[in-house]
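Read the figures in this text as sums done on the coordinates, not as results from a lab. Here the structure is a predicted model, which is why all the values come from computation and not from measurement. No Cβ is skipped: glycine too gets one built from the backbone with ideal geometry, and neighbour counts run over all protein chains shown.
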Amino acid sequence: MEKGFVENGFIIDLSDAKNTTQLVFELSSIMEHPDVKGKKICLKLGDLDLKQSQLLSIKALIESMDADIAFIDTNSEQTEASAISLGIIISELSDKEIPSIAASSESNIKEEAVEIKIEDENVKKDDLNKTIEIHADIEQNQNSPIETAEDVEDIYEEETTQEISEIIPTEHFETNFETLALNEGLVPKEEISKYILLDTGDVLPAGVEENSVNTEALPTLYINQTLRSGQTVTYEGNILIIGDAHPGSEIVATGDITVWGILGGIAHAGSLGNITSKVRALKLNAIQLRIAGLYARRNDTLNVPYVQKTNEFTPEEAHIEDGKIVIYKKLRRD
Amino acid sequence: MTGRVIVITSGKGGVGKTTTSANIGTALAKAGNKVVLIDTDLGLRNLDLLLGLENRIVYTIVDVIEERCKLKQALVKDKKNPNLSLLAAAQTRDKTAVNAEQLKEICDTLKEENDFVLVDCPAGIEQGFQNAVAGASEAIVVTTPEMSAIRDADRIIGLLEAKEEIKSYKLLLNRVRPSLIKSNEMMSVDDVVEILSCPLVGIIPEDTGIITSTNKGEPIVNDENALAGKAYRNVAQRILGEEVPFLDLDEPKGFMAKIKNAFAKLKAKV
Ligand SMILES: Nc1ncnc2c1ncn2[C@@H]1O[C@H](COP(=O)(O)OP(=O)(O)OP(=O)(O)O)[C@@H](O)[C@H]1O
Ligand SMILES: [Mg+2]
């Protein structure tokens, strides 16, 4: 094995992640590879400040993939303190010695990182042209308070670090999907669209205009639990859920929604008109997807199994493109 | 036009109110009537699932009451039958989000433009029940041939009788298993009717097809071959005033059986 690899393990460099949401997604795209199983992971966390509960769930998630954290490397005192209290070993990795996996750089991953080939490609771009008959032209419930906030453990706001390094493409997550898909000449094969736009009329609340605020500048509400039927989370900013969102639950954010798990309920991103908002999940089975003023329902013909399991991590992302909600899926080709 | 508002209630939970609402609603609509189904089980809504309409719900009854949308906008049209629509319950709220007066107002508005308004009532006798009953003038009491369900149905009938607005109420006996009745392990239809002294509107057999139809979001009345589907179609016809004989679910008829039956009745009453 190459120098720098601990025995039976490898290094994941997440130091470019600008916030927890991104970190979780980078990590998930790496962890999706079956070779991760049983490995000892050395996590490079960079400057990101992670609170104890955040680090704990990252650890739990790595463990849920049958892997282990060997040690972490961090520049943040906060993260260091969290690691100490969790009994996670801290070690320093020097960039010179060790070939590292830069999660944000595709070529790095391919060339230097173990045998992982993260070939995230656009697989399917849904055609969402059809409309159906539900009409609505009034204000929707935007201003409801965070209903489950009191019940949810471990909720806090996370300050987003806004250092944009020039090396990192700001939207690398998306660009990968699109450009790679184009390069690979991947076209959607299935005729059936996963989501169908609802003709709901103007559903943005009165006085709210469409806008394109950078969601990365918004605070993030971090929730470490499964949302069950009947539970609602509403937040001005981004919402990151580590866990599943069951059918019957509702997530409403003025920014992005990220579910590290199965999203089965209703998700409304950009609820105050932000058309750049995205909904991301490891499995996107939302009964309804709402982004800004666009509503889409899951296709009736889409057969979602009664019991949903996910051992396979194939993150999906929904966002608006040309006035339609489109969904991109990462697929591993092997 | 003034339509009929019928509440489907039971007292005991899980005896088949929602299944009955979805099926009778679908059957009435198929027969050419304009039908609205109202789910009043706030926080535990199911009717949308049984009809396979969950993905179409944008507004719920609570949005109507809290004036976030107009009543018409909240009506979700059925996938197959344009005569049928659903006013969904809110999943993220509880029974206190709605009161009886508001529900009555909604029923009154809906009956102006529909032949039937069917109200799926939550279990229990508390506010949810009071709300559901408020706008109705007829009731269907669902029960199963079990002592506990019958006891609760009896309680409900008592409450309905005390309500001036309820002009008529009928019994729907669900999950009947002829083989068990035969072996005297289940009360017979006659027994139940006698205990409750209430006219029957339908007898629905136990049918595993109901489980699969629930999971598919497709009421069993749409299945021409299912016995339970046929039984529900008959209920719809009776509601429309036709005389339809009850399905022969193979009740014991001989002399010996009658005696056995009498014993079963005794046992049941003890
Ligand atoms: N005739 C039948 N044969 C077999 N299963 C049935 C029958 N009727 C109802 N069930 C099953 O019984 C269960 C309860 O039915 P349903 O949800 O309609 O009851 P409910 O009275 O509305 O319950 P709740 O009080 O919770 O609202 C469901 O799983 C349904 O599939
Ligand atoms: Mg019910």
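Averaged over the residues of peptide A:241-248, the number of Cβ atoms from other protein chains lying within 10 Å of each residue's Cβ is 1. Charged neighbours of A:Gly248, selected by a Cβ distance under 9 Å, balance to 0 (K, R count +1; D, E count -1). Coupling constants for the range B:243-248 follow from the phi torsions by the Karplus curve (6.51 cos²θ - 1.76 cosθ + 1.60, θ = phi - 60°), and in residue order they are 8, 10, x, 5, 4, 7 Hz; glycine and proline get x.
Between B:Val193, B:Val244, B:Val76, the residue with the greatest mean-square fluctuation in the GNM of chain B (Cα pairs under 10 Å linked by springs) is B:Val244. Net charge of the neighbourhood of B:Pro145, taken over other residues with C-beta under 9 Å away and scored Lys/Arg +1, Asp/Glu -1, is 0.
In order along the range A:314-329, phi translates into HN-Hα couplings of 10, x, 10, 9, 10, 8, 8, 9, 6, x, 10, 8, 10, 10, 10, 10 Hz, rounded to whole numbers, per the Karplus curve 6.51 cos²θ - 1.76 cosθ + 1.60 with θ = phi - 60° and x for Gly and Pro. Peptide A:225-231 has a mean of 2 when you count, residue by residue, the C-beta atoms of other protein chains within 10 Å of its C-beta.
Amide H contacts of A:Ile90: A:Ile72, each under 5 Å away and 5 or more positions distant or on a separate chain (H built 1.01 Å from N in the peptide plane; Pro and chain starts excluded).
Counting Cβ atoms of other protein chains within 10 Å of each Cβ in B:60-68 and taking the mean gives 2.
In terms of distances greater than 27 angstrom between alpha carbons, the cross-link table entries A:Lys194/B:Lys34; A:Lys37/B:Lys216; B:Lys182/B:Lys230 yield A:Lys194/B:Lys34; A:Lys37/B:Lys216. Net charge of the neighbourhood of B:Met186, taken over other residues with C-beta under 10 Å away and scored Lys/Arg +1, Asp/Glu -1, is -1. In the elastic network of chain B, a GNM with C-alpha springs shorter than 10 Å, the most mobile of B:Leu180, B:Leu110, B:Leu227 is B:Leu180. Between the amide H of B:Val142 and those of B:Thr9, B:Ser10, B:Leu172, distances stay under 5 Å, these residues lying 5 or more places away or on another chain, with hydrogens modeled in the peptide plane.
Answer rounded, prolate or oblate for the range B:1-151, using the Cα gyration tensor with square roots of eigenvalues a ≥ b ≥ c: rounded when a/c is under 1.5, else prolate when a/b is larger than b/c, else oblate. Rounded. For chain B, a Gaussian network of Cα nodes joined below 10 Å ranks B:Phe129, B:Phe116, B:Phe246 by mean-square fluctuation, and the top entry is B:Phe246.
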